[in-house]
Amino acid sequence: MEPIHRLQHIMQRLRDPETGCPWDREQTFQSIVPHTLEEAYEVADAIEQGDMGEVRDELGDLLFQVVFYAQLGQEQGLFDFDAITTAIADKLERRHPHVFAEMTLADAGITDVEAQTRHWELLKAEERASKASATTATAPSVLDGITRRLPALNVAHKLQKRAAQVGFDWPDEQGVLAKLDEEIAEVKQEWGRDQAALQEEIGDLLFTCVNLARHAGVDSETALRQANQKFEQRFRDVESSLAGTETPLGKADIAAMESAWCNAKQKL
C-alpha cells in the first residue's frame, strides 16, 4: 500500500462507527481547527530550530490534519482527498501559465521575481473577484479573502499588502516612522485616562509596527517569534545566574536583575 493510501486507510479505521477510536469519531470540522493551527505552528517552530527530523514528523502531523478533513468531507458527501489535491493542482497550473501553458515568461510579462509576484497577485485578485461576484451581492474589495482567523499580525500584514497593491501606502519608510511617532504620542496621551481608548491606540501602534516591518521586508510574525525565543533564552539565563545567590529571582532588586540581564545578553 502506498504511504498516502495507508494513511487514508488508517483515518478510515479511526472513524469507523463501530470499531474506530472514540475521540476521532466525535470530531467535526470545527473541533479539529485548533489542532490544525497548533500543528502548523509546530512545523514553523521545528524549521526555525533547524531540526529536520522534527520537521519531517511535524509535517506528517500537519498532513494528517488534511487527511482528517478529507475523511469528514467524504463522509458528508462534500469532497474527498482526490478533490482536494485536484483543486490545488488546478490552481497551481492556472496561476503559472508561463510554466504549464503554451506561454513564455516574456509572453506573461514576467522578467524577474517582482514581476512574477505581481502576476501572481493579479491572478489571485481575478479569482477573488470572480468568486465574490458568484457568492455575494456586495461589491468586491481588494481585501476580500483574507482569513480573519490568522494571527492578528498576519492579518495586519495582509491588509496592508492588499491596500498597497492599489497605491494606498506610504512611498517610503519615512512616512511609517513619522506615523509610529504619532501613534506613540497618542498612547502616551491616553495612558491612565481611558482604558478603552488606550487599547485602541495600542492597537494602532501595533498595526503601524507591522507596517514598518513590511516596508523593511521583514515578516512581523517571524520577527516576534524570534524576539520571544530570544527573551526566553535570556530570561532563563537570568533565572539560572540568580538561583545560586542570596537573592534569587523574585527577591532580587531591579539593579541585580538588570545586571544579570546584561550578562545574559553578552553571553547569548
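Every number in this text was worked out from the coordinates using simple rules, so none of it is lab data. Note that the structure is predicted; figures quoted are calculated from it, not measured. FYI the Cβ positions are ideal-geometry reconstructions off the backbone, even for glycines, and counts take in every protein chain you see.
Under the rule a/c < 1.5 gives rounded, and otherwise a/b versus b/c splits prolate from oblate, where does the range 7-83 land using the Cα gyration tensor? Here the range 7-83 falls in the prolate category.
Each residue in I4, I84 was given a count of other beta-carbon atoms within 10 angstrom of its own, and listing them fewest first yields I4, I84. Label the range 173-268 by shape, choosing from rounded, prolate and oblate, from the square roots a ≥ b ≥ c of the eigenvalues of the Cα gyration tensor; if a/c is under 1.5 it is rounded, and otherwise prolate applies when a/b is larger than b/c, oblate when it is not. Note, shape of the range 173-268 comes out oblate. Helical runs assigned H by DSSP (4 residues or longer) give the chain a calculated mean residue ellipticity at 222 nm of -23500 deg cm²/dmol, each run adding -39500 (n - 2.57) before division by the residue total.
For the chain, modelled as a Gaussian network with Cα springs under 10 Å, which listed residue fluctuates most, I254, I32, I146? Of the options given, I254 has the highest mean-square fluctuation. Which residue fluctuates the most in the chain, going by a Gaussian network model with Cα springs under 10 Å, if the choices are G192, G60, G203? It is G192.
Write down the Å³ per residue value for the convex hull defined by the alpha carbon atoms of the chain.
Once divided by residue count, the hull of the chain is 263 Å³.
The fewest-to-most ranking of C209, C262 by surrounding Cβ atoms within 10 Å reads C262, C209. Average projection, convex hull of the Cα set of the range 223-267: 3.2 square nanometres. Ranked for footprinting exposure by Cβ neighbours inside 10 Å, fewest first, L242, L268 give L268, L242.
In the Gaussian network model of the chain, springs joining C-alpha atoms below 10 Å, which of A178, A70, A243 carries the largest mean-square fluctuation? Ranking A178, A70, A243 by mean-square fluctuation puts A243 first.
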